[in-house]
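The values are calculated or read from the model by the stated rules, or taken from the named source; none is laboratory data. Just so you know, these numbers come straight off a predicted model, no measurement behind them. Positions of Cβ are generated from backbone atoms using ideal geometry, with glycine treated the same way; all protein chains shown enter the neighbour counts.
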């Protein structure tokens, strides 16, 4: 073999090109975290390259005419192929993991605001905690994506989605409990009486559904229009006294219509809260100690503008977007019935 190599210059030359190509491929594989993403292929490439380098070192210590790089060339060629495959496989796995991570992160990003919007219908500390944990998980996932830690990003996103699933389960439970509560009978009676009045008089009437955050305008059993609304900070809670930031429930009338410049909230429909039923209930709550003796019943409940914020922020009023107020006001008048309920029972609607 040595004599043959004296005639073949290639035998006396180290396979530097293949080894350099193999090293470059290994660097690409390392950048793609090949040890984790293609461990067997990268381990084989690393081993072949190490043996090739060792063989080159052995041959380089021999005299020129006795050097034989045949085995080194074979090992370098093997190392180059293995390293190229390792780099390609690692990059492919990384791309697949990145796509999967970005998909789950996107799912979490789009799901959080949807569940947060649902949570408006069921104010609850456990639900709020689940949504907060989902937001924290989203932050972890985004950070992991920036660091190219795609599996960690995917795990964080899945954890966030699990928190949202728990929140939705709790929201459904709370809404079911709310719909089946004892006040449903009262709400059914109020809604039916209000719609019967419209059928009898031909006048438009307003129904406010606190749970769904909607204001409906009906005439003669037919819905004319519906608007999304914002409520008091207390959400669907029943109003008991002044300062509780809860939107009252009951049957009311429009007592005053205020235009731009006449109210702090663009336009306003004043209603007659508290009415006789509210006052009677307030006295009853005081007698049983659910309202302290120094509390007042409150007043100045309106349907007003500057809403459309998709959150409950008022002091107990019902807020619409200004454009919706412009659309609503011409459809009503002094004395128009306004019935506010926790939720409109489905069986009461035509």
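Worth pointing out:
- Candidate set from segment 1-21 (those that are in a helix (DSSP H, G or I) and modelled with pLDDT of 80 or more); member that is farthest from residue 87 (Cα to Cα): 16
- Any hit, segment 172-182, residues being over 25 Å from residue 212 (Cβ atoms), surrounded by fewer than 16 Cβ atoms within 10 Å (Cβ to Cβ) and over 15 Å from the mean Cα position of the chain (by Cα): no
- Among the residues of segment 211-225, those identified as under 22 Å from residue 307 (Cα atoms), surrounded by fewer than 16 Cβ atoms within 10 Å (Cβ to Cβ) and touching a helix residue (DSSP H, G or I) at 6+ places or on another chain (Cβ under 8 Å) are 224, 225.
- Subset of segment 262-307 [within 18 Å of residue 320 (Cβ to Cβ), more than 36 Å from the chain's Cα centre (by Cα) and surrounded by fewer than 18 Cβ atoms within 10 Å (Cβ to Cβ)]: 262
- Meets criteria (surrounded by 17 or more Cβ atoms within 10 Å (Cβ to Cβ) and more than 13 Å from residue 247 (Cα to Cα)) for residue 340: no
- Evaluation of residue 334 against (1) modelled with pLDDT of 95 or more; (2) surrounded by 14 or more Cβ atoms within 10 Å (Cβ to Cβ); (3) in a loop (DSSP other than H, G, I, E, B) (one fails), failing number: (2)
- In summary, residue 165 fulfils each of the numbered conditions (1) surrounded by fewer than 15 Cβ atoms within 10 Å (Cβ to Cβ); (2) within 20 Å of residue 278 (Cβ to Cβ); (3) within 32 Å of the chain's Cα centre (by Cα) with the single exception of condition (2).
- Residue count for segment 103-127 under the criterion of being assigned to a helix (DSSP H, G or I) and in contact with a helix residue (DSSP H, G or I) (Cβ under 7 Å, 6 or more places away or on another chain): the result is 13.
- Scanning segment 48-69 for residues that are farther than 18 Å from residue 26 by Cα and buried (at least 17 other Cβ atoms within 10 Å of the Cβ) returns 55, 56, 59, 67, 68, 69.
- Single residue of 145, 168, 208, 229 found to be in contact with a helix residue (DSSP H, G or I) (Cβ under 9 Å, 6 or more places away or on another chain) and touching a residue at least 60 places away in the same chain (Cβ under 8 Å): 229
- Unmet criterion (only one of (1) out of contact with any helix residue (DSSP H, G or I) (no Cβ under 8 Å at 6 or more places or on another chain); (2) outside the structural domain of residue 302 (by TED's automatic domain parsing); (3) farther than 22 Å from residue 117 by Cα) for residue 197: (2)
- Selection status of residue 50, closer than 22 Å to residue 151 by Cβ and modelled with pLDDT of 80 or more: no
- Checking residue 74 against (1) under 30 Å from residue 31 (Cα atoms); (2) within 24 Å of the chain's Cα centre (by Cα); (3) surrounded by fewer than 17 Cβ atoms within 10 Å (Cβ to Cβ), the condition it does not meet: (2)
- Residue 132 at pLDDT 90 or above and either within 17 Å of residue 250 (Cα to Cα) or loosely packed, with under 15 Cβ neighbours inside 10 Å (or both): yes
- The set of residues from segment 188-220 being under 37 Å from the mean Cα position of the chain (by Cα) and at positive phi comprises just one member, 213.
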